[in-house]
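Engineer: This structure is in structure tokens; I'll ask about it shortly.
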Amino acid sequence: MCGIIGYLGHKEAYPLLLAGLQQLEYRGYDSAGICTSSDNTLHVHKLQGRVQNLTAMSLPGTRGIGHTRWSTHGRPSDRNAHPFADGKNQFSVVHNGIIENYLELKEELRKEGVQFSSDTDSEVIVHLIAQNYQGDLRQAVLDTIKRLQGAYAFCVLKNDREEIIGVRNGSPLVVGIGVQENFLASDVSAVIEHTRNVIYLNDFECARITREGVDIRTFQGEPCPFNVKEVNWNLEQAQKQGYKHFMLKEIYEQPQVVEDSLRQSLSLKTKFSRLIIVACGTAFYAGLVGKYLIETVAKIPVTVEIASEFRYKEPLFSAQELVLAISQSGETADTLAAVRLAKQQGIGTLGLINVVDSTIAREVDQVIYTRAGPEIGVASTKAFTAQLLTLYQLAFYLAGKDFKPLHLADQLRAVLSLNDQIKDLAQKYFHYQNFLYIGRNSQYPLALEGALKLKEISYIHAEAYPAGELKHGPLALVSEETPTVALCLQDSVYQKTFSNIQEIKARGGKVIAIATEEDEKIRSISDDVIYLPKVEELFLPLLAVIPLQLFAYHIADIKECDVDKPRNLAKSVTVE
Ligand code: AGP
């Protein structure tokens with residue numbers, strides 16, 4: 001997820017683009033760049049690092065484009081920063097999204113003598129536009145997008161044209177309508193201080209902005225009707241796209257994360273007989289689901305270790321083992337130490353990391369990046385789902401099978417539509433001081449994750465157990481004052497968990513069941529039920545986590561906790 005912006009008007013473009021990029025940094029921040037045009041000449045300044053690095057200089061011109069990057073292809077560096085220009089420095093492009101077929105396009109362009117200056121997928125766009133240009137910039141863009149596969153929004157500037165072209169296909173792009181000046185941007189936060197009149201482009205639409213106005217066409221070049229909307233958000237709301245907290249926005253981004261993750265393919269360099277997963281917190285719980293998936297689908301044994309424990313023991317490695325480090329930030333000290341321990345012992349290391357070029361990503365032998373985009377909320381949500389999705393892909397890859405789950409993203413959207421019911425439940429239960437979470441099989445790690453979510457953002461004590469463990473002690477905790485969230489989706493051990501719920505009810509405990517739609521039996525023994533769509537048992541974890549995230553979120557919000565920045569916690573735990 002990157003931030004892109006374009007400006008064309010009567011003011012100096014550079015300071016305005018810079019300020020707009022600073023508002024877009026929540027979308028990505030590992031490198032940034034600006035291109036302006038004056039006297040038919042393109043001027044570019046781009047650097048690895050934060051947008052702030054661009055303030056040391058300025059560029060002339062009253063039109064320009066800018067970019068702040070969240071790397072997916074090509075490590076963060078000056079050369080991989082956007083904007084990208086063609087060989088004659090006549091065209092400049094900034095891009096947000098993924099060009100899936102960039103390697104074949106790059107090969108084709110190279111054979112035609114094109115010199116590339118970066119390792120990115122985005123750069124193929126500007127070279128194709130330069131090739132297709134025959135005097136009409138918009139037409140050159142429309143001809144180019146016929147060759148592109150993937151999700152993208154990009155802006156194009158030409159050195160001698162008083163226009164900027166923007167296209168949208170799967171990544172957001174808005175037009176800001178000013179007076180004798182117009183804007184293009186990934187979202188309204190970049191333009192809101194200049195105009196509240198915006199047009200939200202739809203997929204497969206192409207906008208051409210000039211000083212005088214905007215003209216929107218379909219990808220086939222047909223005129224498009226459009227509505228100018230007045231935005232009444234303040235800047236902070238705009239960055240959260242109207243959501244009250246980043247965490248809620250990120251919970252709702254999960255279907256998109258699934259769709260982005262399914263666009264990537266993976267392959268491993270190393271063969272192994274056993275996988276050892278090392279991780280912390282939510283990433284560790286993703287690893288527990290990963291164990292279930294890989295052992296079930298690929299029949300490969302998996303051990304999952306808490307990194308802070310693993311790093312201090314004498315691991316008994318054997319040949320043909322592979323250590324998989326799961327980490328959203330790629331900077332977690334305990335997980336990094338576990339990777340270094342494995343490497344010292346000559347064991348292969350693999351990373352499942354969200355932040356490109358982070359320390360762990362650079363130290364493992366091979367890295368698979370998750371496609372969650374920047375996760376701002378301290379409590380991990382979409383990164384967890386991205387980890388799960390990539391673990392599904394890994395399990396099916398190891399089994400030599402295709403992983404093409406149809407409708408998964410839509411099923412997540414269906415679960416998200418339960419938000420109001422879950423918010424009502426939170427209103428009913430927020431005053432309790434203790435919760436139990438239970439589940440079996442792949443639902444047990446979800447119980448752990450659900451309990452952690454509640455603890456870390458609402459500060460309410462919550463403990464998770466394998467449902468079968470209740471009778472070995474935790475049942476003593478059951479009382480009117482300690483509700484239980486029971487993951488009891490229909491799977492191979494449903495009846496066992498059903499019995500556990502009966503044990504709880506027999507002792508006066510309240511139960512909130514997470515169940516499969518049409519399961520009337522469970523309603524008769526539970527105080528409240530959240531019904532999820534029917535899915536194959538294997539996919540239960542991907543759906544079951546969402547009600548747990550929303551339940552914790554709404555309880556924390558009702559308690560007026562600092563949801564995005566919970567007390568005592570940090571987004572990246574870079575210390576022991
Ligand atoms: C989860 O909501 C927490 N933010 C925390 O447990 C986190 O998952 C853990 O610190 C691991 O972080 P990492 O994925 O960046 O390594």
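Engineer: Describe numerically, in nm with one decimal, the distance between label points set 7 Å from Cα along Cα→Cβ at Thr296 and at Lys471.
Structural biologist: So the label points at Thr296 and Lys471 sit 2.4 nm apart.
Engineer: Turning to a different aspect of this structure: At 0.36 nm per residue, minus the direct Cα-Cα distance, what do Arg211 and Phe430 gain on full extension? Give it in nm, one decimal, please.
Structural biologist: 73.5 nm
Engineer: Given the C-alpha centroids of the range 375-401 and the range 196-229, what is the distance between them in whole angstrom?
Structural biologist: Using only Cα atoms, the two centres lie 36 Å from each other.
Engineer: Taking 7 Å along the Cα-to-C-beta vector as the label spot, tell me the Asp203-Glu100 distance in nanometres, rounded to one decimal.
Structural biologist: According to this spin-label approximation, the distance is 1.1 nm.
Engineer: Now for a different question. When you take every Cα atom in the chain, what is the radius of gyration, and what is Dmax, the widest Cα pair distance, in Å?
Structural biologist: Radius of gyration, then largest Cα-Cα span, for the chain: 25.2, 81 Å.
Engineer: Another question, if that's okay. If you count, for each residue, the other Cβ atoms within 10 Å and average over each peptide, how do 37-45, 446-454 line up from highest to lowest?
Structural biologist: 446-454, 37-45
Engineer: Using the Kyte-Doolittle scale, find the helices of the chain whose mean hydropathy is at least 0.5 and whose Cα atoms extend 27 Å or more along the helix's long axis, counting only whole DSSP H runs.
Structural biologist: Membrane-span-like by this rule: 540-558.
Engineer: If the reach is capped at under 20 angstrom between alpha carbons, list the lysines near Lys11, excluding any in the same chain fewer than eight residues apart.
Structural biologist: The qualifying lysines are Lys158.
Engineer: For the range 145-166 and the range 481-507, write down the distance between their C-alpha centroids in whole Å.
Structural biologist: Result: 55 Å between the Cα centres.
Engineer: Here is a follow-up. Pull up the cross-link candidates among the lysines for Lys496, meaning alpha carbon to alpha carbon under 17 Å and not fewer than 8 places away within one chain.
Structural biologist: Correct list for Lys496: Lys471, Lys505, Lys521.
Engineer: Got a sec? Which residues in the range 6-27 would a label at Arg362 touch, if it sits 7 Å along Cα→Cβ and we count backbone N under 16 Å?
Structural biologist: Once the point is set 7 Å along Cα→Cβ of Arg362, nothing inside the range 6-27 turns out to lie under 16 Å by backbone N.
Engineer: Return the equivalent ellipsoid semi-axes of the range 98-181 as a descending list in whole Å, where each equals the square root of 5 times an eigenvalue of the C-alpha gyration tensor.
Structural biologist: So the three semi-axes of the range 98-181 are 24, 16, 11 Å.
Engineer: Using the Karplus curve 6.51 cos²θ - 1.76 cosθ + 1.60 with θ = phi - 60°, what ³J(HN,Hα) values do you get for each residue of the range 44-49, in whole Hz, with x for Gly and Pro?
Structural biologist: With the stated coefficients, the range 44-49 comes to 10, 9, 8, 8, 5, x Hz.
Engineer: How many percent of DSSP beta bridges within the range 420-576 run antiparallel, rounded to 5?
Structural biologist: Taking every DSSP beta bridge with both residues in the range 420-576, the antiparallel ones total about 5 percent.
Engineer: How many angstrom separate the Cα center of the range 520-551 from the Cα center of the range 318-361?
Structural biologist: 33
Engineer: Hand me the trypsin sites (Lys or Arg not before Pro) from the range 348-404 located in a DSSP loop with no more than 16 other Cβ atoms within 10 Å, in residue order please.
Structural biologist: Here the sparse-neighbourhood loop sites are Lys401.
Engineer: Any aspartates and glutamates with Cα under 15 Å of the Lys559 Cα? List them, leaving off those in the same chain fewer than 8 positions away.
Structural biologist: Straight-line reach from Lys559, under 15 Å: Asp424, Glu456.
Engineer: While we're here: Assuming 1.002 mPa s and 20 °C, estimate D for the range 463-576 with Stokes-Einstein, Rh taken as the Kirkwood radius over Cα pairs, in µm²/s.
Structural biologist: 136
Engineer: Quick one: go through the range 435-457 and flag any residue whose amide nitrogen is under 11 Å from the point 7 Å out along the Cα-to-Cβ line of Asp527.
Structural biologist: 435-436, by backbone N distance to the label point.
Engineer: How much FRET efficiency would the formula 1/(1 + (r/R0)^6) give for Arg110 and Glu236, where r is the Cβ-Cβ distance and R0 is 41 Å, rounded to 0.05?
Structural biologist: Result of the calculation: an efficiency of 0.35.
We did not get these values from a lab; they are worked out from the coordinates using the rules stated. Since we're looking at a predicted model, the values are computed, not measured. With ideal geometry, Cβ positions are generated from the backbone for all residues, glycine too; neighbour counts draw on all protein chains shown.
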